[in-house]
Amino acid sequence: MVHSDPIPSDTDIPASDSVKRTFKEATTLAEGEEWREVQPLHLLAAALRDETGGVASILRRAGVTEGAILKALRKRRPKKPDSD
């Protein structure tokens, strides 16, 4: 068995401008709906909004719509605590 150096857990991974835009848009979506964390569905909805990347067209051809993703997110949104 060959011994190699361990993989560092804090290495930055380079991201394209498209990926950066998708993460930023996903964060905006999550914050707008008062989520505490970005969920995978936020990323999917954000990818559908990015017309410059090829992901949106692939998802649309597969029948994935932003409306359906947002509807699914709303169903899963955590309840706000009562302010009594």
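The values are calculated or read from the model by the stated rules, or taken from the named source; none is laboratory data. Bear in mind the structure is a predicted one, so any value in this text is a computation, not a measurement. So basically every Cβ, Gly included, is an ideal-geometry build from the backbone, and we count neighbours across all protein chains shown.
Listed values, structure above:
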{"item": "Top-ranked residue in the range 29-62 [being of a type in the set (Val, Ile, Thr) and touching a helix residue (DSSP H, G or I) at 6+ places or on another chain (Cβ under 8 Å); ranked as nearest to Leu73 (Cα to Cα)]", "result": "Val38"}
{"item": "Options Glu37, Glu66, Glu31: the member that is surrounded by 14 or more Cβ atoms within 10 Å (Cβ to Cβ), among the acidic types (Asp, Glu) and modelled with pLDDT of 90 or more", "result": "Glu66"}
{"item": "Positions within the range 25-81 being small (Gly, Ala, Ser), in a helix (DSSP H, G or I) and without any contact (Cβ under 8 Å) to a residue 24 or more places away in the chain, in sequence order", "result": "Ala26, Ala30, Gly32, Ala56, Ser57, Gly67, Ala68"}
{"item": "Residue in the range 6-24 that is surrounded by the most Cβ atoms within 10 Å (Cβ to Cβ), counting only those that are β-branched (Val, Ile, Thr) and outside any loop (DSSP other than H, G, I, E, B)", "result": "Thr22"}
{"item": "Top-ranked residue in the range 40-60 [being buried (at least 18 other Cβ atoms within 10 Å of the Cβ) and of a type in the set (Gly, Ala, Ser); ranked as modelled with the lowest pLDDT]", "result": "Ala56"}
